[in-house]
Each structure stands twice: as structure tokens, then as C-alpha cells.
1. From the list B:Met219, B:Met181, which one is in contact (Cβ under 8 Å) with a residue 60 or more places away in the chain, surrounded by 19 or more Cβ atoms within 10 Å (Cβ to Cβ) and not in a loop (DSSP other than H, G, I, E, B)?
2. Quick one: which of A:Gly73, A:Gly100 is surrounded by 14 or more Cβ atoms within 10 Å (Cβ to Cβ), within 14 Å of another protein chain (Cβ to nearest Cβ) and under 14 Å from the mean Cα position of the chain (by Cα)?
3. Exactly one condition in (1) part of a helix (DSSP H, G or I); (2) crowded, with 17+ Cβ neighbours inside 10 Å; (3) away from chain A (no Cβ under 12 Å) is not met by B:Gly126; state its number.
4. With respect to B:Leu21, determine if the residue is in contact (Cβ under 8 Å) with a residue 24 or more places away in the chain, crowded, with 16+ Cβ neighbours inside 10 Å, in contact with an Asp or Glu (Cβ under 9 Å, 6 or more places away or on another chain) and more than 22 Å from B:Leu153 (Cβ to Cβ).
5. Are any residues in the range C:25-76 small (Gly, Ala, Ser) and touching a Leu at 6+ places or on another chain (Cβ under 9 Å), and if so, which ones?
6. Within the range A:125-134, can one find any residue that is within 11 Å of another protein chain (Cβ to nearest Cβ), under 23 Å from the mean Cα position of the chain (by Cα) and either within 30 Å of A:Ala3 (Cβ to Cβ) or in a loop (DSSP other than H, G, I, E, B) (or both)?
7. Collect the residues in the range C:98-146 that are of a type in the set (Asp, Glu) and in contact with a helix residue (DSSP H, G or I) (Cβ under 8 Å, 6 or more places away or on another chain), keeping them in residue-number order.
8. Tell me whether the range C:222-238 contains one or more residues that are touching a Gly at 6+ places or on another chain (Cβ under 8 Å), in a helix (DSSP H, G or I) and either within 15 Å of C:Gln99 (Cα to Cα) or among the β-branched types (Val, Ile, Thr) (or both).
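The values are calculated or read from the model by the stated rules, or taken from the named source; none is laboratory data. Fair warning: this is a prediction, and the values are worked out from it, not measured in the lab. Note that each Cβ is placed from the backbone with ideal geometry, even for glycine, and that neighbours are counted across all protein chains shown.
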Amino acid sequence: MEALTGWWDDFFWGSLVVVEIFFVALILTVLFGLIGSAAKLSKSRVAHSIASAYTIVFRGTPEILVLLLFYFGSAITLTAIAQVFDPEIKFVDIPPFWAGSLAIALIVGSYATETFRGAFLGVDPGQVEAARALGLSNLKTFIYVRIPAMWRLALPPFGNHMLSLIKDTALIAIIGLEETLFVAKQAIGTTGKPFTMYIVVGAIYLGFSTVITLSVMVLERYANRHLEVAR
Amino acid sequence: MSFDFALIVDSIPKILTGIGLTFQLLFLSAVLGLALAIILLLMRISGRWYLVAPTMVYIYIFRGTPILVQIFIIYYGLPQLEFVRDSIFWPILREAFGCAIVALTLNTGAYVSEILRGGVLGVDRGLKEAGAALGLSARHRFIYVTAPIAIRLCLPAYSNDVISLMKSTALASTITLLDMMGIARTIVAETYAPYEIFISVMVVYLILTWIIQRGFGWMEKRMSRHVRSEA
Amino acid sequence: MIPKVLDMSDSDQTNIIQLEHVDKFFGAFQALKNISLSVKKGERIVVCGPSGSGKSTLIRCINRLEEHDNGKIVVNGHELTSAVKDIDAVRSEVGMVFQSFNLFPHLTIIKNLMLAPRLVRKASKSEAYDTAMRYLERVKIPEQADKYPSQLSGGQQQRVAIARALCMNPLIMLFDEPTSALDPEMISEVLDVMIDLAREGMTMIVVSHEMGFARKVADLVVFMDQGEIVESNPPEEFFDNPRNERTKLFLSQILSH
């Protein structure tokens, strides 16, 4: 354990990066999931095909591949553009934070697309009709009836998506994001204690997963409060 | 910047030399993982706390931490421990390939046992009772009633997990293995052409995903013949 | 006995609902064939007929939950077309009660009642609350205001659904088999509410097989079969002296139990 002396604050800052990237990616994931599911449910054939291609590609390729493609792909493109203006420039990249959060959000967003699509389809059509019969516009029916009904259905699988998201943040260390796995690598370089350092990283992630799992449980209880005492 | 098709044509055969390793990783860890999952499942549903508790802790840890961290702990971390180096497992854990198999097996075993448990819990209580009423022993009820129905119930989720496993094999490239992903990364490091190489390997992975999906789809269809004949 | 609007010839009374030669198709299946029907303010119509006869489709066309294919439907002066503005206006004036209640499960009873007045009528919170409580009292379950729909019995849920529709002050109420999903002992509590409503002069179209109810409150009983209106007469005439063979057969089946 004394090998860890002096490294605690590095692990703390690394964990903070994990939290930041998690929340940024979470917002993007919800966004991609909603857009994707709307496209999949729309009558437009073009939107439907684009959304299908999106889910097939991002659910069928390894996460690390998507991440490397994004990071190195964007870097080579940006460098080429930059060199048009200044041939002296050797390398421009999207910061790993943004390349990474965009990549994992696109990946998990493709799963969220299917989850949201299923949840929207699971909403009792009778409720939607009742809202329409009361004179609520399409938009208001969507906001006040469809969304509250669908998020309860989407919550359990979405909890799993959040776990995937937090775990996928570890991959971003590969492109140089200074999160916990990256800190561990540095610590190993000076202490020569890989087992200790990686166990610490594992424990940190286990902590995050636990917090997410418990939060989802609380949310689920809140979402299903109308079902309690029902029987 | 242009898309170098000659490079793709050139690289695809090189990438495909890694497909054998990808397959080995996938099949070995899928089979071993399934065996592990069945053991975990039987422990989990045994109803004996000293079997149930360790299983739950195991599943909690392996589902709550990133697979990349698990791979790093096993490959980089374990050699730090003297008793590991002295143990009979050392010949396996000394090799990157052995470590990848161990990590993937332990990881997928945790997920698959939960999938199997979902299937077992999904079996209609009435059917088990019918089996009991016919005088079948608990063991026979499990083998002849519960298990066949449970397998059908969890096949779709299991097929998704095999795809996840296939995607996880790409992480073996982070511990020096030259699977498809590892070879692709090497070529990109030499040519600095991420788009061409990564998109080519992405297509290969997508084809593998498609094959796995079709394979399981066919199995599902065969297994639900009794349902279709009713409809 | 409830006073009935029998004087159909009264020219002062304009038709609040007017259907002219309405057709409705589901794919190749024709659900409504050349339906014409006019309803005056304060009239109570009961529509009956075997399942699949198009009676639900008929009233669902009146607030455009289904879109008719041919013919003309005019509700309170608005002709039903695809113009969205008009549809929402019509819907807020036409209340509807469904067979399966369709209460919003994630909202408490009182919030179910307040939702549309607040969003559509832009009522203040206290206004909407007062209206909601008033109607809950009318359907005799004010004490359930803070519960969730799943905590109520079927009969109570349907009464809430009626109250929810009434909170919008509709000119017309449509009932789509309001008692078919209920256990027998709960049917009368719902019918009592509907009878009260009829007594107060609400314009109502009720799809129902409750023949006792039809006898008691209907001005007109409409019998539908295979998408057509086969016979429509005041209840005494309809029940005591059915003319069409299909009506006779239907009545013998439904009254024999």
C-alpha cells in the first residue's frame, strides 16, 4: 500500500476526468438515442435507413476501433486542413476528451436508439388517444404523455447503458486522456507495482458502477411510485 | 487528402491474417465462458448462501469494472505477485494469449450467467409445478423442463453477448497480440492512413457480427418451431 | 323518467353534429358505409350493434381519432378536415370516454383531471384544481384525488375518466363502450353518472349494449351492422317494434340473457 503514497491526488483528479467525461457523454448519448429512435420511428425512408445504418455500424464494431478511427481520423483531417493555411504545422488533433466522449456517446447512443424506440412503441396507444381526445396538440402529447410513459419503460435498460458508458471511459486512456488508467500507467512507471495500481483503478470503477446502479434503483422506485400499493 | 484504394487492397490480406487469432480468442473464451456461466448459475440458484454470496460478489465485480482494466490486471498486474509466478497457472498467465483468454472468459462468464438466470426465472412457474405434480425430481425438472425452455428464452440475449465478446477480443491488441485489430493498428502506425485501414477492418468486424446474428437467428427459429405451428 | 327531446322537427335547433355520406376504409375493409346522422344539441344517441359493426369507428371519426375517407363531418360548425388547428379546437369541445379508461398512469387522479385544462385552456393552477375537485365530487370520489389510477377499481377509474373529460367543459360527450371492461357490480355506478349527465342536458353519443340505459335516456337508438346504419328509432319503437330482420336477431341475442 505504501506504493500508493503520493499518487492519491493523481487518482483523484483522474477520477474527476472520468466523471466529467461520463456526464458529457451521457448528455450526448441521450441526444443520439432520441434522434436515432425518432428517425427509426419516422415515416421517412431516408431517415429510417440512416438510423439503421448507424445502429448496425456502431453496435457491430469494437469500441476501441471506433475510438481510434475517430481520434486518428479527425487528427489527420484537421492536420491536412491546417497545413493548407500553414505548412509548418505538423500535427493538430481534437482533444482526446472530446474525441473520446463523442466516440463512446455514439456507440452507447446506438444502443439507446433501440431502447428508446422500443419504449416509445411500448407506450399504451390508448393514453395517447386520450390526450388527443382532450385536445392536446402533438407536441404537448409528446411532452406530457409519451415521454413520461416511455422513460419508465426505458429506465432499466438505460441503466445498463450508463454502466457501459462509465466502463467505456477507460478506453479513452488509450488515446492519451489523463484519467485513472492513464494515471496508473504513470504510477507503474515509477513504482513498478502494476497489480496495486490497476486494482486501484478497478476499485474506482467499481465505485462508480455502484453509484450508478443505486441511482438507477432510486429512479426506478420513483418512476414506479404510481404502481405501489396497487395490489 | 484522398482515399487510397490501393492501400486498402494491399492491407486487407494482411488484416485477414489476424482473423485466425480473433476466432481463437472468440471461440475459446465463448466456450470456457459458457461453462463458467453454467457453474455460476447453478451456484446462484442453489439457495445455499455460501454458494450464492461468492457468486454474487464475483458477478458484481466483473460486471462493474471495465474489461480493459481486467485485462491489464491479469496481464500486467498478476506477474507482480510471487505466488502467481510460482503457481501451476504461470505457463498460461506468462503469455499474452493466455491472459487474454482468461480475462475474456472471466468477463463473459459473469454476463452470461446473468442471462441464463434471466431465462431460468422466466420459465412459467406452472410448468415446473406440472413437472413436480408428475413426480419428477428437482434435478429432472431442471434438466427436462426448466433448462430447455430457459435456453430458448435467453438465446436472443446470449447472441448479443457473443457479439459483445467478439468486440472485446479487439482489446487483446492492447496487450501486444496481433489479432485483426492489432495488425490494423500496426499498419496504421506504419502508413498513417487511419481511414483506409480502420474502415476496412470495421467492415470485416461488421461481417462477423452479421454472421453471428444470422447463426443465432437460425437457431432461434429452429428452437421455436413448436410456437410457430400454433400461429 | 327523463324529459326527452322528441320534437325533431323543431327548426330552431341546429345540428351540433352532422355526418353526411361518410365512408371509412381500413385498407380494403370498409368500416363505415355511407353513414349519415345528425345530432341536435342536447340529444342523447345510443349506438349498438354486433362487434365489428363500425360503431366505435363512427364515434372515433367524430373527434377525428380516425380520419374518414369520403363524405362530410361537421362538429359544432367546424368541418373536420386535415387542418390541425381546427382538430384541436374540436377535440377540446368534444369529450371522450374510452372502454379501457386510458387514464395517465404516471399522474395522480387530480393531475389527470388538471392536465388538459392547464395545457389547452391555459387555466391557472387553482382554477384547474377547483374545476377538477368539483367534477370529482360529481362523480362521487373526491377522496381519491391524490391516488394513482392503478390504486382505483375499474368503476372508479371510469368515473375519473368521465370527470377528466368534463373538466374541459365539452359541448358533446362521446362514450366508447364505457362499461364493457367493467366487472358487473361496477357497471351501475358508471351508468348512474352518465344518467345524471343526460339529465342535465349534455349532448351524448354512447356506444353501448346496456339496453336498460338506452331505454331510460336515449332519444334515438341507432343499430349498426357491417358498417351501415340499419335502423334508427326512438327507444320505444326500437325495442318494441324493430323492423329490420338484423335488428330483431341482434335484440333477441342481446336480450335473451
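1. When all the criteria are applied, what remains is B:Met181.
2. It is A:Gly100.
3. (2)
4. So B:Leu21 fits the description; yes.
5. Correct list: C:Ala31, C:Ser36, C:Ser38, C:Gly54, C:Gly71.
6. The answer is no; no qualifying residue exists.
7. Hits for the range C:98-146 are C:Glu127, C:Asp146.
8. The answer is no; no qualifying residue exists.
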